[in-house]
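S.K.: Sharing a structure here in structure tokens format.
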Amino acid sequence: MDILAHRDFSNSQSGQQDQAADLSTVTPDAAPPTGHVSTNTALHHIGFVMEIAGSGSQVTLDAGILSSLVSHKDPSIAMAGQVGSQIKIRVGSTWLLASIRTQKLHETDHNVIVTQVDFLGEGDEEKLTGKIYNFRRGVTRYPVPGSEVYAVSSLDLKQVYAADARAHVEIGTVFPTKDIRGALYVDAMLGKHFALLGSTGTGKSTCAALILHKICDIAPEGHIVMIDPHGEYSAAFKDNGALFDVNNLAMPYWMMNFAEHCEIFVTSSGDDRQMDSDILARCLLQARSKNRIAETIGKLTVDAPIPYLLSDLTNIIQNEMGRLDKASSSAPFMRLKNKIDELKADPRYNFMFSGMLVGDTMADFVGKIFRLPSHRKPISIIDVSGVPSDITSTVVAVLSRLVFDYAIWSRNEAQRPILLVCEEAHRYIPSERVAKDSAVRSILERIAKEGRKYGVSLGLITQRPSDLAEGVLSQCGTIISMRLNNDRDQAFVRAAMPEGARGFLDSIPALRNRECIVCGEGVSIPIRVALDNLEEEKRPASDDPLFSVLWQETGGETEILERVVRRWRAQGR
């Protein structure tokens, strides 16, 4: 059908349209003819289907009709035709919903707008009211070219976005409506991982706190571990979380596996690194075998989390160095011994390498970190801001691996799923162009690929999705995207988003603060949400400083400097 013949086509079908009665001119204030649907569900014809493809199609819209609807009292109808808005198409007794992805003016008729749309799903039509109900994803029956296109009302969206009986948390209001709540399905979101993305200053930390608070409210006996690299979240979860930092973490060094030992103890590179690693493996196995627990284990491995004394390890290294039949020089032995002695003597590393951490406290440590039992404080905030930067990634690697290993070795027990949330995830799972392989990257990539099989959920929070390792974002079943200013980040998210959400991508750079687009398993269909306000005491300590206000204040600088220098020299102690 020629695109310019739409109006004639519309007129020729007027006798068959007893459900709409000249749909292009129906207004909510007009009295409906006898036998038609009520005025508050009046249909607004805005265009026609021109071309059908498997995942989307081409639709033409009447610019004049769209202009007349701009002032409509229903904000959803007022937005009709805009990028990111929805349209509906009747196919038999069902309504097919689609999202508008692109717009362009017709080459010759400037009253016609050509749009590309992505199909979202379908719902049944209620015969008496014409409303959509029983909405579900996917399309079972496609429209044919020439089918009429209608604006979607807020009543329609209320049915589409209405949360079903599955466990869910409401996080905000669906844009552009005033009262339709946006909900995340907890099991679907956590079962297949999620990612929260957004540039600095868009409200990303507050959004993360909001979602985690809502989950804690419905699951007070849950098990959530959050890696907090900036110390922001302790203030937000002081009432319903367990807070850990270098002063009370007490993470035993012997819980590291061999790869993590190498990251900390082995300082050389190239061929020397392989030599040092071989020596460390031999000596570490001997040190672990000295513990009585090793006697109960048939075949001891270097990765087994069995307590050992650092002094035993250094003595064994010393003895190995003194052997006459050793194949290498004394240099690698001295490098290992000096590094271990350095860690023991440095008070900054006491939270991990203290002589007080040699007892078998593994069950206690795992229990307190994983909230087993949770005592109605289901979230652990691990503040690693005070951890020396050279071992921060190893500390995160140990915590992450413990989550995964616990899930593997507890398969025959009553299941206790664990959610691991990583703030600044691009630090720990960097792409190959940013950093080389590391223990933390390996374990987090493995959790992303295999975690759901064992009841481990991964939540990634980052401002630089383009710096994440390839494929990790695509493992996240739910993507929550706030404003992203960088073109490269936008392109990265575009590649990870499902087909039906592509229409929302153009609005990512235009999102306001505390607005987000959610797509994937955690929602019925992609939605744009204005997030709820979070109470002051539940917000993370991440507010930007107000320079114009703070630079008006003075006084007390001498005392401030004295206190800061004291803490600086004591490294926070």
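The values are calculated or read from the model by the stated rules, or taken from the named source; none is laboratory data. Bear in mind that the values here come from a model prediction, so they are computed numbers and not experimental data. Positions of Cβ are generated from backbone atoms using ideal geometry, with glycine treated the same way; all protein chains shown enter the neighbour counts. Ligands, DNA and RNA are excluded from the accessible area calculation, which covers all protein heavy atoms including side chains. Shrake-Rupley method; radii C 1.70, N 1.55, O 1.52, S 1.80 Å.
S.K.: If you scan the stretch 48-97, which residues turn out to be open to solvent by 40 Å² or more (accessible area, probe 1.4 Å) and either touching a Lys or Arg at 6+ places or on another chain (Cβ under 8 Å) or free of Cβ contacts under 8 Å to residues at least 24 places away in the same chain (or both)?
M.R.: A53, G54, S67, S68, V70, S71, Q82, V83, G92
S.K.: For the stretch 62-84, name all the residues that are on the phi < 0 side of the Ramachandran plot and either in contact with a Phe, Trp or Tyr (Cβ under 6 Å, 6 or more places away or on another chain) or in a loop (DSSP other than H, G, I, E, B) (or both).
M.R.: V70, S71, H72, K73, D74, M79, A80, Q82, V83
S.K.: So D239 passes all but one of these: (1) surrounded by fewer than 21 Cβ atoms within 10 Å (Cβ to Cβ); (2) out of contact with any helix residue (DSSP H, G or I) (no Cβ under 9 Å at 6 or more places or on another chain); (3) modelled with pLDDT under 90. Which condition number does it fail?
M.R.: Among (1) surrounded by fewer than 21 Cβ atoms within 10 Å (Cβ to Cβ); (2) out of contact with any helix residue (DSSP H, G or I) (no Cβ under 9 Å at 6 or more places or on another chain); (3) modelled with pLDDT under 90, D239 violates only (2).
S.K.: Going residue by residue through the stretch 146-165, is there one that turns out to be under 30 Å from K368 (Cβ atoms) and open to solvent by 20 Å² or more (accessible area, probe 1.4 Å)?
M.R.: Residues of the stretch 146-165 that are under 30 Å from K368 (Cβ atoms), as a first pass: none.
No, the conditions are met nowhere in the stretch 146-165.
Each row is one residue, and each column tells you yes or no for (1) open to solvent by 60 Å² or more (accessible area, probe 1.4 Å); (2) at pLDDT below 90; (3) part of a helix (DSSP H, G or I).
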{"site": "K299", "(1), (2), (3)": "yes, yes, no"}
{"site": "T314", "(1), (2), (3)": "no, no, yes"}
{"site": "N319", "(1), (2), (3)": "yes, yes, yes"}
{"site": "A327", "(1), (2), (3)": "yes, yes, no"}
{"site": "P332", "(1), (2), (3)": "no, yes, yes"}
{"site": "K339", "(1), (2), (3)": "no, no, yes"}
{"site": "E342", "(1), (2), (3)": "yes, no, yes"}
{"site": "R348", "(1), (2), (3)": "yes, yes, yes"}
{"site": "M356", "(1), (2), (3)": "yes, yes, yes"}
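S.K.: For the stretch 417-436, how many residues are assigned to a loop (DSSP other than H, G, I, E, B), open to solvent by 10 Å² or more (accessible area, probe 1.4 Å) and farther than 20 Å from V186 by Cβ? Spell out how you get there, then give the answer.
M.R.: Going through the stretch 417-436, the residues assigned to a loop (DSSP other than H, G, I, E, B) turn out to be 417, 424, 429, 431-436.
Now restrict to residues that are open to solvent by 10 Å² or more (accessible area, probe 1.4 Å): 417, 424, 432-436.
In the following step, the residues that additionally are farther than 20 Å from V186 by Cβ were identified as 424, 432-436.
Final tally of qualifying residues: 6.
S.K.: Of all residues in the stretch 166-186, which are open to solvent by less than 40 Å² (accessible area, probe 1.4 Å), more than 16 Å from P75 (Cβ to Cβ) and hydrophobic (A, V, I, L, M, F, W, C)?
M.R.: V169, I171, A183, L184, V186
S.K.: If I filter the stretch 158-181 down to residues being among the basic types (K, R) and touching a strand residue (DSSP E or B) at 6+ places or on another chain (Cβ under 7 Å), which single residue comes out as modelled with the highest pLDDT?
M.R.: R181
S.K.: From the list P378, P388, exactly one residue is open to solvent by less than 60 Å² (accessible area, probe 1.4 Å), farther than 20 Å from R452 by Cβ and touching a Lys or Arg at 6+ places or on another chain (Cβ under 8 Å). Which is it?
M.R.: Selected residue: P388, the only one of P378, P388 that is open to solvent by less than 60 Å² (accessible area, probe 1.4 Å), farther than 20 Å from R452 by Cβ and touching a Lys or Arg at 6+ places or on another chain (Cβ under 8 Å).
S.K.: Is it the case that some residue within the stretch 256-272 is in contact (Cβ under 8 Å) with a residue 60 or more places away in the chain, hydrophobic (A, V, I, L, M, F, W, C), within 26 Å of Q415 (Cβ to Cβ) and open to solvent by less than 30 Å² (accessible area, probe 1.4 Å)?
M.R.: From the stretch 256-272, those in contact (Cβ under 8 Å) with a residue 60 or more places away in the chain are 256-257, 259-260, 263-268, 272; that's our starting set.
Narrowing the set further to residues that are hydrophobic (A, V, I, L, M, F, W, C) leaves 256, 259, 264-266.
Going one step further and asking which of them are within 26 Å of Q415 (Cβ to Cβ), we end up with none.
No - not one qualifying residue is present in the stretch 256-272.
S.K.: Shifting gears a bit: Identify all residues within the stretch 282-297 that are of a type outside the set (S, T, Y), open to solvent by 50 Å² or more (accessible area, probe 1.4 Å) and part of a helix (DSSP H, G or I); write none if there are none. Don't jump to the end; show me each part of the working.
M.R.: Step one: list which residues in the stretch 282-297 are of a type outside the set (S, T, Y), which gives 282-288, 290-295, 297.
With open to solvent by 50 Å² or more (accessible area, probe 1.4 Å) added as a condition, the list becomes 282, 285-286, 290, 292-293, 295, 297.
Residues satisfying the conditions are R282, L285, Q286, R292, I293, E295.
S.K.: Among the residues of the stretch 506-564, write down those that are closer than 19 Å to Q463 by Cα, polar (S, T, N, Q) and open to solvent by 40 Å² or more (accessible area, probe 1.4 Å).
M.R.: Once the filter is applied, which keeps residues that are closer than 19 Å to Q463 by Cα, polar (S, T, N, Q) and open to solvent by 40 Å² or more (accessible area, probe 1.4 Å), the stretch 506-564 yields only N513.
A quick yes/no check of all residues on (1) among the polar types (S, T, N, Q); (2) surrounded by 19 or more Cβ atoms within 10 Å (Cβ to Cβ); (3) more than 12 Å from the chain's Cα centre (by Cα):
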| site | (1), (2), (3) |
| --- | --- |
| R411 | no, no, yes |
| Q415 | yes, no, yes |
| I447 | no, yes, yes |
| S457 | yes, yes, no |
| L468 | no, yes, yes |
| L473 | no, yes, no |
| R483 | no, yes, yes |
| F492 | no, yes, yes |
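S.K.: Additional query: So the check is Cβ under 6 Å with 6+ separation or different chains; which pairs have a first residue in the stretch 524-547 that's under 18 Å from I381 (Cβ atoms) and a second one that's open to solvent by 20 Å² or more (accessible area, probe 1.4 Å) and in a helix (DSSP H, G or I)?
M.R.: L534/T206; R539/T206
S.K.: Quick one: Q159 ticks every box in (1) out of contact with any Ser or Thr (no Cβ under 6 Å at 6 or more places or on another chain); (2) part of a loop (DSSP other than H, G, I, E, B) bar one, so which box is it?
M.R.: (2)
S.K.: Has the stretch 503-519 got at least one residue that is touching a Lys or Arg at 6+ places or on another chain (Cβ under 6 Å), modelled with pLDDT of 85 or more and part of a strand (DSSP E or B)?
M.R.: yes
S.K.: Sticking with this structure for a sec: Considering the stretch 182-230 alone, what residues qualify as being in a strand (DSSP E or B), more than 13 Å from P378 (Cβ to Cβ) and in contact with a Ser or Thr (Cβ under 6 Å, 6 or more places away or on another chain)?
M.R.: F194, L197
S.K.: List, please: which pairs have Cβ atoms under 7 Å, are six or more places apart or on different chains, and start with a residue in the stretch 283-296 that is without any contact (Cβ under 8 Å) to a residue 24 or more places away in the chain and end with one that is open to solvent by 10 Å² or more (accessible area, probe 1.4 Å) and among the aliphatic types (A, V, I, L, M)?
M.R.: Pairs found: L285/L300; L285/V302; S289/L300; A294/L300.
S.K.: In the stretch 393-409, how many residues are open to solvent by less than 20 Å² (accessible area, probe 1.4 Å) and closer than 30 Å to E342 by Cα?
M.R.: Count: 9.
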